[in-house]
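Input: a single structure, listed below in structure tokens.
Derivation of every value follows stated rules applied to the coordinates shown; laboratory data play no part. Remember, it's a predicted structure, so these values are computed and weren't measured experimentally. Glycine gets a Cβ as well: all are built from the backbone with ideal geometry, and neighbour counts include every protein chain shown.
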Amino acid sequence: MSQCLLEASDLSMRFGGLLAVDQMALNIRTGEIVSMIGPNGAGKTTVFNCLTGFYQPTGGKILFKGQAVEKLPGFKIARLGVVRTFQNVRLFKAMTVLENLLVAQHRHLNTGLLAGLFKTPSFRKSEKAATERAAFWLDKVGLTEFANREAGNLAYGQQRRLEIARCMVTDPELLMLDEPAAGLNPNETSELDELISDLRKSHGVSVLLIEHDMKLVMDISDRIYVINQGRPLASGTPEEVRNNPEVIKAYLGE
Amino acid sequence: MGEAGFYFIQQLLNGLTVGSTYALIAIGYTMVYGIIGMINFAHGEIYMIGSYVAFAVLAALALMGIDSVTLMLSAAFIISIIITSTYGFAIERVAYRPLRNSNRLIALISAIGMSIFLQNYVRIAQGSRDIAMPSLITGGWSFGPEDGFNITLSYMQVVIFIITFITMTLLTLFISRSRMGRACRACAEDLGMTRLLGINTNQVISLTFVIGAALAAVAGVLLGLYYGVINPYIGFLAGLKAFTAAVLGGIGSIPGAVLGGLILGVTEAFTAGYFSTEYKDVVAFSLLVLILLFRPTGILGKPEVEKV
Amino acid sequence: MNNYNATSGLRWFPAFMAAGVLLLLAVLMLGVQLTTENTQLVVDFAASERWAWIVSGAVFVFLVQLFRDPLTALWSGVKGHNAIPKISVPSLDDNKPLKRLLISFAIAGLLIWPFFVSRGAVDLATLALIYVMLGLGLNVVVGLAGLLDLGYVGFYAVGAYSYALLNQYFGLDFWSCLLIGGAMAALFGFILGFPVLRLRGDYLAIVTLGFGEIIRILLNNWTAITGGPNGISQIPKPTLFGLEFTRRAKEEGNVPFHEFFGIDYSSGYKVIFLYILAVLLVLVTLYVINRLLRMPIGRAWEALREDDIACRSLGLNPTAIKLSAFTIGAAFAGFAGTFFAARQGFISPESFTFIESAIILAIVVLGGMGSQMGVILAAVIMTVLPEFAREFQEYRMLMFGLMMVLMMIWRPEGLMPMKRPHLSLNEDQEDESASGQPAAGSV
């Protein structure tokens, strides 16, 4: 078994009387694309929120590269290399597309106050590198011509791609996508499919995906976790999951 | 019981008196916050306007030669409540309703603007100087040794307790028993859902402002008579104090507002009694800061879950 | 109540309602006059002209409500959608030399102008510049970082009192206190900001308001040190490299400005010197904020205002970013405060009430949150306009309040909405702009 990038065990999340996630176990190996599927309200996004530190799980352990992260705040987990997108796209709407990508590189930049005020050579170099990096990713997701447009004015599919690009400029190890194909047309979905495969191939990023589009999921996933009512129902390769009677029951009913 | 004990009880009584009026104002903050999630910054000015109207009514009745205290008080309460309710209604219609769906800060800035506007409107109409009024209800009881410190409980304080109690009971009955009260509670739970169920939420929100303003008017009449002096600036501080009380008790919770008001009033009275009158406002603000830091949900508030 | 107008086009019911409400609101407040005569409270009908105002107001509201539908139709037909003019400066980003030329002319104009006008005008301009500085500073906190700070005046007070106290007790001069005042205010911002910045937006607003009030009450009551309500007077004016602008040197061995240059004494020099100093401070402020906007930290502020959850998901620490905005905003207030103390020569807690915070906020709101040109314009309007119309003075705060409400309803983005800096992906241009002069006025 290759090295585990992220490993969650016994993960639970309780809101008052509601147990949204119950004894969830999940692992992602380096270079894998793993999907989480399940009916609406199954707790997929809650698992995401626990893994990325937006919720403090009420129980369980999360290891990222062997380091316990379940108590860390979200921004610290992000700094370790776990970044995510959101179900309802969260862009910096009033800022330009390019600025969105520059903000994401914040912690890689020269943030010295005086360096910036006096435009020292090192500051200029760091800004230039950031712009180049942004330009590279804009090109990759096909948004170069919109660089100076306000992010909120982009079409929906473009916003989705910008959000992924914004994750990628941070140079993550694990990219978590929350329903990236929601609201996309079939054409855009297949572009997304290619983009995700390419991210793994050319940029070595592992991917955890929540998705309802079964074609996309079956197409690109190495493994799939099926969640129902906050509990893991089944897991395995797309083939195994597709043929699992439990899964068929949960999805199609009797 | 020694002298120190008497002094303590005196401070407690004073604190509860003022605290119960804070509670009345705080309910207005807490109800509005509970339903539309905004801080009605102009609420303190409503209280101030309530005092002014009451003074005008009392002075007018005195000029007419009416000297029955009961009649004067009732007239002051009724007219003051009518006028301030109208203010509450109008403010919501003009300054807040158009902003219902915008950012919280936008609505708050509008509310601050409204507060400044009302304060200066009264200043221009009635002048910025203090307006004083001889006390309507005089006398009281005294307990304690002949030569030592005496506890005094004035009739005015008793009136404040009784009227506050009656008002709170009426409010509780209204909220828990009436149809509109049920609609109010539903809106506080989930405004969008309530609208989908066919309840006119705009009406409910207007009603919330009207009730809040009416309670502020009651506080305005009571505190105006208790202190005997008003000016256009009293609303600012009273508003802040009441907001503190609402947050202290847990914003959105009506029993919380009452509890918060009483605690704040007593804390202030003790600060003034044992430490220094000048610093009593500092204590109130510090209390606000401390609660927000360590228990932003207040004593009886529900925690808010961040929606990611 | 829109369903009443379905058939006739005239809205009788809302019209009667609105007029009735207006009468109810006005009659017992504007219509009567409370006075205290010999400890007796007396109420009287107000002057007849006020009643005329009330009645005409009610009639006006009645007519507007009655004919609202035709009026709105007419209005949108005539003017398009937006009633308030949108002021915008043509973007000169493409033409750098022209832009630099214009900025140089503007600065030169600002510096030469005071020599040709009255002292009063220069003095007023200096006051306006103080508000420009305060507005720009608060704009960092409110407009860019999206943190509603209602206690901004507290930091202004810290700056002013730092200078006054350090001068009184340790004899420090204006120039060293300018730095210390800014630093002290920043330190206060940092210490106060640290615990409160975790709070949600509207709570933050109220807590900062509380802090501002606490600072004022402490200044008011700590009589032994601050002089309490009497304040501190005889704060010396700034010097020009040690040259004083007084008739005779106050300190032994100093030479007054006019003697040094061998010209006659005129108090006008002092006024102009203060004005020029204010211009320089504003230019520095503008330069710094413009740089900040194009730096990682400035972008992070705006990102935080837009979406703090997304910020966290990208590894930005919201508390640290908020704290930096709060601290830097406070520092500008500190500079402005120090200068204010030096200009006035006298300060007391009365200058630092909540109303002052509200005025600064009104400037930011009117100008357009985030927009620096807007803030400058608004600060000038807010300080100069009341001076031109004396009778307006009385209604100044009333108008401010009304304007804040109306702006939020009609134009929350302000008179001159913020413009986004356009960055080039092309490296050559990037190099060109980077090697050039700092563009102080590019807003």
Report task. Would you work out if the protein assembly as shown is rounded, prolate or oblate? Take a ≥ b ≥ c from the square roots of the eigenvalues of the alpha-carbon gyration tensor; rounded if a/c is under 1.5, else prolate when a/b is larger than b/c, oblate otherwise. Result -> oblate
Report task. Would you please report the Å³ per residue occupied by the convex hull of the alpha carbon atoms in the range B:217-308? Result -> 121
Query raised in the report: Given the options B:Gly181, B:Gly148, B:Gly50, which has the most mean-square fluctuation in a GNM of chain B, springs set between C-alpha atoms less than 10 angstrom apart?
Result: B:Gly148
**Report entry** Spatially proximal lysines relative to C:Lys99 (Cα-Cα < 27 Å; intrachain offsets below 8 disregarded)
**Finding:** A:Lys119, A:Lys125, A:Lys128, C:Lys86, C:Lys419
Report task. Starting with the fewest neighbours, write out C:Arg216, A:Arg242 ranked by other beta-carbon atoms found within 10 Å of each beta-carbon. Result -> A:Arg242, C:Arg216
Query raised in the report: How about the range B:39-110: which trypsin sites (Lys or Arg not before Pro) there are in a DSSP loop, with at most 16 other Cβ atoms within 10 Å of their Cβ?
Result: B:Arg100
Query raised in the report: Which loop chymotrypsin sites (Phe, Trp or Tyr not before Pro) in the range C:184-239, with loop taken from DSSP, have no more than 16 other Cβ atoms within 10 angstrom of their Cβ?
Result: C:Trp222
Report task. May I ask you to list the trypsin sites (Lys or Arg not before Pro) in the range B:212-308 that are in a DSSP loop and have at most 11 other Cβ atoms within 10 Å of their Cβ? Result -> B:Lys307
Query - Crossing angle, helix C:12-27 versus chain C [Cα axis fit, 0-90 degrees, rounded to tens] - result: 50
Report task. Round to the nearest 10 and give me the degree value, 0 to 90, for the angle of helix C:152-170's Cα axis relative to the longest principal axis of chain C. Result -> 30
Query - Taking C:Phe245, C:Phe174 and counting other C-beta atoms within 10 Å, the order from fewest to most - result: C:Phe174, C:Phe245
Query - Rounded, prolate or oblate (a/c below 1.5 giving rounded, otherwise prolate when a/b exceeds b/c) for the range B:1-103 by Cα gyration tensor - result: oblate
**Report entry** Relative compactness, the range C:97-217, computed as alpha-carbon Rg over 2.2 N^0.38 Å
**Finding:** 1.32
Report task. For chain B, just the Cα set please: Rg and Dmax, both in angstrom. Result -> 19.6, 68
Requested in this report: Extending each Cα 7 Å along its Cβ direction at A:Ser197 and C:Trp12, get the distance between those two points in nm, one decimal.
Outcome: 7.3
Query - Calculated diffusion of chain C, Stokes-Einstein form, Kirkwood radius summed over Cα pairs, 20 °C and 1.002 mPa s, µm²/s - result: 86
Report task. Give the range of the longest stretch in chain B that excludes all GluC sites (Glu not before Pro) found in loop regions by DSSP and having at most 12 other beta-carbon atoms within 10 Å. Result -> B:147-303
Report task. May I ask you to list the lysines whose Cα is less than 25 Å away from that of B:Lys280, ignoring any residue fewer than eight positions away on the same chain? Result -> B:Lys241
Report task. Have a look at C:Val284, C:Val153, C:Val43 and tell me which one the Gaussian network model of chain C (Cα, springs below 10 Å) gives the largest fluctuation. Result -> C:Val43
Query raised in the report: FRET efficiency for A:Arg14 and C:Leu98, Cβ-Cβ distance as r, R0 = 60 Å, nearest 0.05?
Result: 0.40
Requested in this report: Enter the angle in degrees (range 0 to 90, nearest 10) between the Cα long axis of helix C:318-344 and the first principal axis of the Cα atoms of chain C, meaning the one along which they spread out most.
Outcome: 80
Requested in this report: Straight distance only, please: which lysines reach the Cα of C:Lys237 with their own Cα at less than 18 Å, same-chain residues fewer than 8 apart left out?
Outcome: C:Lys250, C:Lys270
